[in-house]
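The values are calculated or read from the model by the stated rules, or taken from the named source; none is laboratory data. Nothing here was measured: the structure is a model prediction, and the numbers come from that model. Neighbour counts are summed over all protein chains in view; Cβ atoms, including those assigned to glycine, are modelled from backbone coordinates with ideal geometry.
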Amino acid sequence: MFDAIAGGPRANGPFPLVDADGALVGPFNAMLLQPALGEALQQLGGAVRYRTGLTGRSREIAILTVARVWQSDFEEYAHRAAGRAVGLRDDELEAALAGDAPAFDDPMERLVAATTLALASRNDLTDEEFQQAADGLGRPAVFELTTLVGYYATLALQLRVFRVEGNRSAT
């Protein structure tokens, strides 16, 4: 599993996956505690990051929104870098972290931000929100967003429980 994480597509990402001693950082080290489950979880993460129809910008807006709701410093740190790598400006990074959907110029990105904020903060969408998301993004993208929110909420919880350094909610 170490090789799949440290040597897979994440290895070329904008933030380090291993520390100076060669240990996995962030949520990935905890995945080694139960390798069968950790492997399934890291595969889900790979699918969420690399095999959805979401644009890179929309994906990172959504991840940063989850980081904001869950107060996950590690996710914020890692995905600020990932957001910059896909072209998010500093004001857009701050908007995602503030839950400020109207700040995005692109209507699809505004809808992704608003939908993600509702999912992450209320764990549901109203009928109207669901219809807006389904009409504007498509039902497959709504499924992708709900999966993304669940995955990154899981990571935020693990970061908190295992007191991963750099996670504000662990202090």
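Quick notes on this one:
- Residue within the stretch 121-144 that is surrounded by 16 or more Cβ atoms within 10 Å (Cβ to Cβ), touching a residue at least 40 places away in the same chain (Cβ under 8 Å) and farther than 15 Å from residue 67 by Cβ present: yes
- Selection within the stretch 48-80: residues that are within 12 Å of the chain's Cα centre (by Cα) and among the small types (Gly, Ala, Ser). The member of this set that is nearest to residue 164 (Cα to Cα) is 72.
- Residue 136 vs. criteria touching a helix residue (DSSP H, G or I) at 6+ places or on another chain (Cβ under 7 Å), not in a helix (DSSP H, G or I) and not assigned by TED's automatic domain parsing to the domain that holds residue 26: no
- Residue that is at pLDDT 90 or above, buried (at least 19 other Cβ atoms within 10 Å of the Cβ) and not assigned by TED's automatic domain parsing to the domain that holds residue 139, where the choices are 38, 26, 83: 38
Results for (1) free of Cβ contacts under 8 Å to residues at least 60 places away in the same chain; (2) touching a Pro at 6+ places or on another chain (Cβ under 8 Å), shown as yes or no for each residue.
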site	(1), (2)
59	no, no
80	yes, no
85	no, yes
91	yes, no
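- Check on residue 58, closer than 17 Å to residue 149 by Cα and either loosely packed, with under 15 Cβ neighbours inside 10 Å or at pLDDT below 95 (or both): no
- None of 105, 91 is in contact with an Asp or Glu (Cβ under 9 Å, 6 or more places away or on another chain) and either assigned by TED's automatic domain parsing to the domain that holds residue 152 or at pLDDT 95 or above (or both) except 105.
- Looking across the stretch 86-98, the residues that are surrounded by fewer than 21 Cβ atoms within 10 Å (Cβ to Cβ) and assigned to a helix (DSSP H, G or I) come down to 90, 91, 93, 94, 97, 98.
- Qualifying residues in the stretch 151-165 (those that are hydrophobic (A, V, I, L, M, F, W, C) and within 10 Å of residue 30 (Cβ to Cβ)) - the one modelled with the lowest pLDDT: 164
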